[in-house]
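Accompanying notes for the structure given below.
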């Protein structure tokens, strides 16, 4: 059967289809910048943070292939992708609201464990929403509009990441909300940030659900040049077959991505305690003071910076790769990111932390252009905390520096990747 060309979408249709990305990324940004801070507010020791963060890659490893597989094989009155990311958005919004309010459940379990549980719910829900969202874009756009679709996604993802990262800082510095809280509680400014993030996530997803129509199984089959419907009954065995058909390039990049994501996990988990200890000169037990929460808010700001830089750099990656080659581009990007993370050790003024985050943003954009894997995050989650405690003497700044070293190792590994192109 001859493939049928997908029709061009209007600019409004592309924006509406991608709008949910902004809400999802806003939730992700709130989680990445504040999960460690919230867990420490509830009493987590710095060396235990990576263990609590383990729920994120573990749920991602389990949920992503299952949701990706079954969203390909499912069809309902709402379509095949939209039911998944709508359900994911609802669950993620619940997790966002309840995680910083975990102290309300202390009559059942310690707030720390409840907070970790809601972190797991959030991350699983983000994956439920995100995987079908990526597939929806592929379903709807023809080859001539893929570049435009990527550009729109990049813009909306960047906006969501920056807004989510900066929200706690804006609420305290611009609107005067309290920065501190009682022991065992989260500042109201942070609670409100997560509530706003939950509402925004749900709004953005519902907007896409209402404004976007999916192609029917018959239409999708015509676009794929297949006489059979692309919606088939699936089984768990099919999921493992999907793993077996992993592209060769992905296998070659496995070592590169291992060290890249190992380093990223170190940065996400330990930046807040590292900045609080190393730059704000706070003790590891001082997690409810105004100064500690100022440090946490500033981490959100600098995380917003690297996401902003990443969104811009992503637009230039194709042209840079055309000029110097894909391997060289990724190598340089990782080196810049690695040196930037290491340089944080030498910074004493919190305002100057913006500078290394520019370099991290360059590396982040390049890493996102490569296959995603969860194994390095799981390994880091298991051993990262004990290393901080026993090797680094509880000083989280060394874990952040090790993240930079991992970026550099990943860059070296790039040199050994076979690439048929430049």
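Quick notes on this structure:
- Any hit, segment 315-323, residues being farther than 24 Å from residue 416 by Cβ, outside the structural domain of residue 185 (by TED's automatic domain parsing) and touching a residue at least 60 places away in the same chain (Cβ under 8 Å): yes
- Residue within segment 2-16 that is under 20 Å from residue 397 (Cα atoms), in the same structural domain as residue 116 (by TED's automatic domain parsing) and surrounded by fewer than 18 Cβ atoms within 10 Å (Cβ to Cβ) present: no
- Among the residues here, residue 65 does not qualify as in contact with a strand residue (DSSP E or B) (Cβ under 8 Å, 6 or more places away or on another chain) and not assigned by TED's automatic domain parsing to the domain that holds residue 269.
- For segment 301-313, the condition holds for at least one residue, the condition being that it is on the phi < 0 side of the Ramachandran plot and either surrounded by fewer than 18 Cβ atoms within 10 Å (Cβ to Cβ) or over 19 Å from the mean Cα position of the chain (by Cα) (or both).
- Test result for residue 83, out of contact with any helix residue (DSSP H, G or I) (no Cβ under 9 Å at 6 or more places or on another chain) and over 24 Å from residue 388 (Cβ atoms): no
The values are calculated or read from the model by the stated rules, or taken from the named source; none is laboratory data. Bear in mind that the values here come from a model prediction, so they are computed numbers and not experimental data. FYI the Cβ positions are ideal-geometry reconstructions off the backbone, even for glycines, and counts take in every protein chain you see.
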